[in-house]
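Quick note: the coordinates plus some simple rules give every number you see, no bench work behind them. The structure presented is a predicted model; accordingly, all values stated were derived computationally and were not measured. Using ideal geometry, Cβ is built from the backbone for each residue, glycine included, and neighbour counts are taken over all protein chains shown.
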Amino acid sequence: MCVSLTSINIPSILTSIGAQCFIDCKSLTRIDIPTSVKTIGEECFRRCTSLKSIDVPSSISVLGKSCFSGCCSLTSITIPSSISILGPHCLDSCKSLSNIELPTSIKGIGVSCFILCSSLKSINIPTSISKIGYYCFKKCFLLTKINLPTTISELGNYCFNECKSLKSINIPTSVKILGDGCFKDCKTLTRINIPISVNEIGSECFCRCLSLNYINIPRKVKELRKDCFKGCSSLSDIDIPTTISEIEEGCFDECPSELKKNKVLKKMYYRKYYDDDCIIV
C-alpha cells in the first residue's frame with residue numbers, strides 16, 4: 001500500500017500484474033498499462049480512490065474479481081473487444097462512473113459487477129450476454145435506461161434492486177426467469193410489461209415499487225411467491241390468469257384495496273389469508 005504514489009509507468013517487459021498489487025494506493029491518479037501485460041490480478045486496483053481514468057489494453061481477456069472496486073473517482077474506463085469476462089464486483093462502488101461501453105466480446109458479467117455505481121445513467125447490454133447476474137446493478141440510483149438484448153434468458157436475484165430512477169424497462173421475449181427481488185425498491189417504476197415467455201417470478205420481485213400501477217402476469221407463471229408485490233401502494237390494476245395455482249402469503253400486503261375486486265385474487269389470496277371483509281391498505 002503506497003499511499004503517496006500518484007502515477008506509474010509499467011515497463012513493457014512485464015506480462016502480469018499480481019493480485020492486490022495497487023490496492024489502497026489512494027493517491028494514484030494515472031497508470032499506463034502496456035500491451036505486454038496479459039493478466040491483471042484480483043483486487044489489483046481496489047480502492048484506488050483518486051484514479052480517474054484507465055485504458056485496458058487489448059492484451060487482457062479477463063478483468064477479475066474486484067479489479068476496480070471502490071475506485072470512487074473513476075469517470076472513464078475503456079474496455080477493449082478482447083475482454084470476455086467482467087468478474088464479480090469488478091466495478092463495484094465506482095460512484096463517479098456515469099457511462100460505460102461494453103463490447104460484444106463479453107460473455108459474462110459477474111455477481112455485483114456494477115453494484116453501487118450510483119452515477120451510472122444508462123447501459124447497453126451486448127448480445128453476447130445471456131444472464132444478468134445477482135446484484136449486478138443494485139443501487140445504481142441514477143440508472144434510467146438499460147437495453148436488454150433478446151439473448152437474455154434470466155434476470156438474476158436483486159439485479160436492479162434500488163434502481164430508484166428506473167421508470168420503465170423493456171423485458172425481451174427471451175426472458176424466462178425474473179429472480180428474487182429483481183426490481184425491489186424501484187420506487188419510480190410505473191409500468192412494466194412481462195412477456196409471455198416468463199414462467200417464474202421470484203419472491204419480493206416487485207416489492208415496494210411504489211409507483212407501479214399496473215402489472216400483467218403471463219399464463220406460464222403458476223406461482224406468485226412471498227412478498228412479490230408487497231408495498232406496491234399504487235398498484236390498482238392487475239391482469240392475472242386463472243391458471244395461477246398458488247399465491248403465497250404477503251404477496252399483495254400493503255397494496256390498494258381495489259385489488260380485492262379482482263376475482264382471482266379475491267378467491268386465492270384475500271379469502272385465504274384474510275377475512276372476507278378485510279381491507280388491505
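Annotations for the structure displayed:
- Amide N proximity, the stretch 116-144 versus Lys167 label position 7 Å along Cα-to-Cβ, cut-off under 11 Å: 144
- Residues Thr49, Thr29, Thr127 arranged by fewest to most Cβ contacts within 10 Å: Thr127, Thr29, Thr49
- Listed from fewest to most Cβ neighbours within 10 Å, the set Cys255, Cys90 follows the order Cys255, Cys90.
- Remark: for residue pairs Lys52/Lys184; Lys95/Lys167; Lys131/Lys184; Lys121/Lys222; Lys230/Lys261, the C-alpha separation exceeds 23 Å in Lys52/Lys184; Lys121/Lys222.
- Pairwise label distance in nanometres, Asp237 with Lys176, each label 7 Å out on the Cα-Cβ vector: 3.2 nm
- Label point of Ile10 set 7 angstrom out along Cα-Cβ; within the stretch 18-37, amide nitrogens under 16 Å from it belong to 18-25, 28-37.
- Ranked by how many other Cβ atoms sit within 10 Å of their own Cβ, fewest first, the residues Asp239, Asp24, Asp92 fall in the order Asp239, Asp24, Asp92.
- Residues whose amide H lies under 5 Å from that of Ile247, counting only those 5 or more places away or on a different chain, are Leu224; hydrogens are built 1.01 Å from N in the peptide plane.
- Once the convex hull of all Cα atoms in the chain is built, its volume per residue stands at 103 Å³.
- Applying Stokes-Einstein at 25 °C and 0.890 mPa s to the Kirkwood radius of the stretch 121-281, computed over alpha-carbon pairs, gives a translational diffusion coefficient of 157 µm² s⁻¹.
- Residue among Ser16, Ser82, Ser69 with the largest mean-square fluctuation in a Gaussian network model of the chain, springs linking Cα atoms under 10 Å: Ser16
- Taking other residues whose beta carbon is less than 14 angstrom from the beta carbon of Ser59, and scoring Lys, Arg as +1 and Asp, Glu as -1, yields -1.
- Candidates Asp253, Asp185, Asp32, ranked by Gaussian network fluctuation over the chain, Cα under 10 Å, top entry: Asp32
- For the options Leu259, Leu120, Leu74, a Gaussian network treatment of the chain with springs between C-alpha atoms closer than 10 Å singles out Leu259 as fluctuating the most.
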